[in-house]
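The structure appears below as structure tokens.
The values are calculated or read from the model by the stated rules, or taken from the named source; none is laboratory data. As the structure is a computational prediction, the values presented were derived from the model and not from experiment. Every residue, glycine as well, gets a Cβ built from its backbone with ideal geometry; the counts of neighbours run over all protein chains shown.
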Amino acid sequence: MVQCQGRHPPYPDAFWFRCGDGWFDLLWRLCEDLEPLVAELEKQTGQQFEVLQVKEKFGGLRFYVNQHTDAIGERIQKAVQESLRTCELCGKPGQLFQSPWLGVRCAECVQES
């Protein structure tokens with residue numbers, strides 16, 4: 001979900017990016033999709049676009065930014081939906097899994113936990 005400007009969490013920088021390696025490609029594609037939209041937004045607003053926090057919550061991706069347009073929000077939501085079908089650990093297709101926390105895992109990673 002998109003978070004409003006000025007809502008930085010009171011945590012050190014390392015806390016702002018917390019998710020498994022399995023979502024690397026998903027996040028890479030999201031950033032590539034956002035790049036032209038962000039350039040246009042920055043041109044229109046004169047403000048620098050910032051990713052404030054990236055994390056897993058309730059099994060899905062959370063990608064918080066300081067400003068957005070409908071198009072940016074749609075791209076983020078698409079990535080969130082993809083995260084709910086992608087193993088956070090390895091990137092293979094997965095499904096929601098609870099033990100004891102919610103997460104998305106493929107069959108192999110479920111067996112390894």
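I'd like to check which strands (runs of 3 or more DSSP E) are fully inside the stretch 53-113 and have at least 1 residues that are surrounded by 17 or more Cβ atoms within 10 Å (Cβ to Cβ) and modelled with pLDDT of 95 or more. I'd like the intermediate steps shown before the answer.
Values: elements: 60-65, 95-98, 102-105.
Hits in the stretch 53-113: 60-65, 102-105.
Going by the conditions given, is residue 49 of a type in the set (Phe, Trp, Tyr) and over 19 Å from residue 21 (Cα atoms)?
On the way: of a type in the set (Phe, Trp, Tyr): yes; over 19 Å from residue 21 (Cα atoms): yes.
Yes, satisfied.
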